[in-house]
Amino acid sequence: MNIPAPLRGSHESLVHQNEMAEADGLERILDDADLEDRIAHGSLVPVPTSSALHINTDLPENRRYCRPWTAKFLMDLSHAHSARFAGGTLEVTSAVRTVEYQRQLRRINGNAASADGDIAKAGMTSKEIGWIRAWLIPLEQQGKIDVEEEFRQSCFHISVYKSYEEPKPASHSPLTAAPMDSATMLPTPGR
């Protein structure tokens, strides 16, 4: 299998993320009170977990939420990964962030983006990383996601857009499978 090049972020990607948030009518989540209100009203749903998708235990309980289309993306990606890598597991390391929390993160991590999700790469084989890149590329090309592959934190930071929920063509090869809303995922250690 040819391993695709790393999925590097860019200024254009950040501009696109902001344009997509505006086009989707999404507002920044200001603080924990705003976050709790959105959870209570159902505009944010729990990050779905399964035998193929775990949440990092360091992620605070109130940060384990995402948009419905991101939840679908996470399930699609984790199921496709698990099917390809014999029961493999991915780990969400970051999900929803408030403006207030993002400011705190930027004080300690200059790379902290204003998006809402990461998938860990730690413990992944080069074959798995290549497969995930190949799975994500078509979705990014279709404008359904934006991806920034981080190396310091060893994760894929993925912004998933509302258009991800739109029906996809009937079949995808494992290398061109579908992507997610903004989340970070990693393989579970010990794989």
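Here, each number is a calculation from the coordinates, and none is a lab measurement. Small disclaimer: the values here were computed from a predicted structure and weren't measured. Cβ: placed from backbone, ideal geometry, glycine included. Neighbour counts: every protein chain shown.
Things to note:
- The packing ranking of peptides 71-83, 23-35, 131-143, highest mean first, is 71-83, 131-143, 23-35, where packing means the average number of other beta carbon atoms within 10 angstrom of each residue.
- The phi-based Karplus calculation (6.51 cos²θ - 1.76 cosθ + 1.60; θ = phi - 60°) puts the 3J(HN,Hα) values of the stretch 138-146 at x, 5, 5, 5, 7, x, 8, 8, 10 Hz, whole numbers, x for Gly and Pro.
- Spin-label proximity, ASP32 to the stretch 53-68 - amide N less than 17 Å from point 7 Å beyond Cα toward beta carbon: 58-65
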